[in-house]
Amino acid sequence: MASRKTKLVLMKIFSLFSVVRGYNIPVIALAQYLSAIFILDKERRALDVLLDGNLFLIVLASSLTIASGYIINNFYDARKDLINRPKKSMLDRLVSPATKLRVYFTLNFVVVLLAWLVSWRAAVFFSVYVFLIWFYSHKLKKYPIIGNLTAALLAVLPFFGILMYFKNFYGVIYVHAAFLYLLILVREIIKDLENLQGDLVADYRTIPVIFGEKTAKRIIAALTFLTVIPVYLLVEVYNVGYMDVYFYAGMVVIIYFLFRLWAATVKDDYLLLHNLLKGLIVAGVFSIVLIDPAVLVHGRQLLSVI
């Protein structure tokens, strides 16, 4: 009996981990720290940035906000997820809706408390962030264009949180953000193509539902071509060190992506394109260290001394 209860508890924990997509959150936290070290606060030593208590609180608050966002999104999308992701949906349903909501509100309370320890401005920022995620999941997600634009904005807001903390407003930061925003926006529309069947059943008025797959592909192609602008600026105008290797390689991936896009017809094709973009974004996170690899060498020297 005890073994069965233990197994059930473990399954529920795994289910909650699936709901909050715990595998994504560490990547976002890593991206925030790398951005802080190599872009936002290049004046201080890497170790000083890593040991910054307020930065840790902001990254932690961001991670918990994202986790709570996944929970409320899962709560509202339960019906269409049964069609789009039946296996994952069955696992997610091991945790009751009431439990999900309790965890959701608890996480949001902790987020505001952590942010308040940093400053009242941080508390206001995260309170607005939490509200926007709820409003997107409850209302905006069901509408074309505005839903996609909001989803992409919510994905980059954690980086603006640490941007406000460091008060670093150089142009190169906004160009990086523009490139990331465009990639995420394209991925959001790809997800709409991937989830077309469930969106039709749940009456979500996404771009593919309203305008059709061909128009959605044209919009994706146009947005993809627009990524060339921030890439050109980052490589030719701003100094991004060896990270230009990532952008050159990224352009090759994007060309391949476009060829596969026009050939895509079924859900598995769009899933491949979705994962391709996700891989490009994650690779971009790790490539931030290429901006100034000397920082890592200096960091290792500091750690060896300590």
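Do you know which of the residues in region 144-160 that are in a helix (DSSP H, G or I) and of a type in the set (Val, Ile, Thr) is nearest to the chain's Cα centre (by Cα)?
Among them, the one singled out is VAL156.
Output the residue which, of all residues in region 237-271 that are surrounded by 14 or more Cβ atoms within 10 Å (Cβ to Cβ) and not in a helix (DSSP H, G or I), is nearest to the chain's Cα centre (by Cα).
VAL240
Checking PHE179 against (1) surrounded by fewer than 19 Cβ atoms within 10 Å (Cβ to Cβ); (2) touching a residue at least 24 places away in the same chain (Cβ under 8 Å); (3) not hydroxyl-bearing (Ser, Thr, Tyr), only one condition comes out false. Which one?
PHE179 satisfies all of (1) surrounded by fewer than 19 Cβ atoms within 10 Å (Cβ to Cβ); (2) touching a residue at least 24 places away in the same chain (Cβ under 8 Å); (3) not hydroxyl-bearing (Ser, Thr, Tyr) except (1).
Given the conditions (1) at pLDDT below 90; (2) surrounded by fewer than 16 Cβ atoms within 10 Å (Cβ to Cβ); (3) under 14 Å from the mean Cα position of the chain (by Cα), and given that ASP48 satisfies all but one, which numbered condition is not satisfied?
(3)
Residues being surrounded by fewer than 21 Cβ atoms within 10 Å (Cβ to Cβ), in contact (Cβ under 8 Å) with a residue 40 or more places away in the chain and not aliphatic (A, V, I, L, M): count how many of those fall in region 51-69.
1
Which of (1) more than 23 Å from ASN84 (Cβ to Cβ); (2) at pLDDT 95 or above is the odd one out, the single condition LEU223 does not satisfy?
Answer for LEU223: the failing condition is (1).
Is it the case that PHE56 is touching a helix residue (DSSP H, G or I) at 6+ places or on another chain (Cβ under 9 Å), of a type in the set (Phe, Trp, Tyr), more than 30 Å from ILE207 (Cα to Cα) and not in a loop (DSSP other than H, G, I, E, B)?
Answer is yes for this residue.
Checking the condition touching a residue at least 60 places away in the same chain (Cβ under 8 Å), closer than 25 Å to LEU280 by Cβ and of a type in the set (Val, Ile, Thr), which residue from ILE184, ILE189 passes?
The match here is ILE184.
Tell me which residues, restricted to region 36-47, are in a helix (DSSP H, G or I) and either within 13 Å of ILE58 (Cα to Cα) or without any contact (Cβ under 8 Å) to a residue 24 or more places away in the chain (or both).
Within region 36-47, the subset in a helix (DSSP H, G or I) is 36-40, 46-47.
Matches in region 36-47: ALA36 only.
Residues that are closer than 19 Å to LYS141 by Cα, at least 3 per element: which helices (runs of 4 or more DSSP H) completely within region 161-236 meet that?
171-194, 196-201, 207-211, 213-226
For region 272-289, what are the residues that are over 15 Å from LEU258 (Cβ atoms), crowded, with 16+ Cβ neighbours inside 10 Å and of a type outside the set (Val, Ile, Thr)?
If the condition is that a residue be over 15 Å from LEU258 (Cβ atoms), crowded, with 16+ Cβ neighbours inside 10 Å and of a type outside the set (Val, Ile, Thr), then LYS278, GLY284, SER287 are the ones that fit.
List the residue pairs whose Cβ atoms are under 8 Å apart, where the first residue sits in region 211-223 and is surrounded by 14 or more Cβ atoms within 10 Å (Cβ to Cβ), the second is assigned to a helix (DSSP H, G or I) and of a type in the set (Asp, Glu), and the two are 6 or more positions apart or on different chains.
Close Cβ pairs satisfying both conditions: ALA216/ASP192.
Only one of (1) farther than 17 Å from ALA155 by Cα; (2) among the β-branched types (Val, Ile, Thr); (3) in contact with a Lys or Arg (Cβ under 7 Å, 6 or more places away or on another chain) is not met by VAL49, so which one is it?
(3)
Quick grid of which residues meet (1) over 25 Å from ILE37 (Cα atoms); (2) buried (at least 16 other Cβ atoms within 10 Å of the Cβ); (3) touching a helix residue (DSSP H, G or I) at 6+ places or on another chain (Cβ under 8 Å):
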{"site": "VAL111", "(1), (2), (3)": "no, yes, yes"}
{"site": "ALA123", "(1), (2), (3)": "no, yes, yes"}
{"site": "VAL130", "(1), (2), (3)": "yes, yes, yes"}
{"site": "TRP134", "(1), (2), (3)": "yes, yes, yes"}
{"site": "LYS141", "(1), (2), (3)": "yes, yes, yes"}
{"site": "ILE146", "(1), (2), (3)": "yes, no, yes"}
{"site": "LEU154", "(1), (2), (3)": "no, yes, yes"}
{"site": "LEU157", "(1), (2), (3)": "no, yes, yes"}
{"site": "GLY161", "(1), (2), (3)": "no, yes, yes"}
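Being over 22 Å from GLN197 (Cα atoms) and touching a residue at least 24 places away in the same chain (Cβ under 8 Å) is the filter here, so list the residues in region 133-150 that pass it.
ILE133, TRP134
The values are calculated or read from the model by the stated rules, or taken from the named source; none is laboratory data. Predicted, not measured: the structure shown is a model, and the values here were computed from it. As a convention, Cβ positions derive from the backbone with ideal geometry for all residues, glycine included, and neighbour counts pool all protein chains shown.
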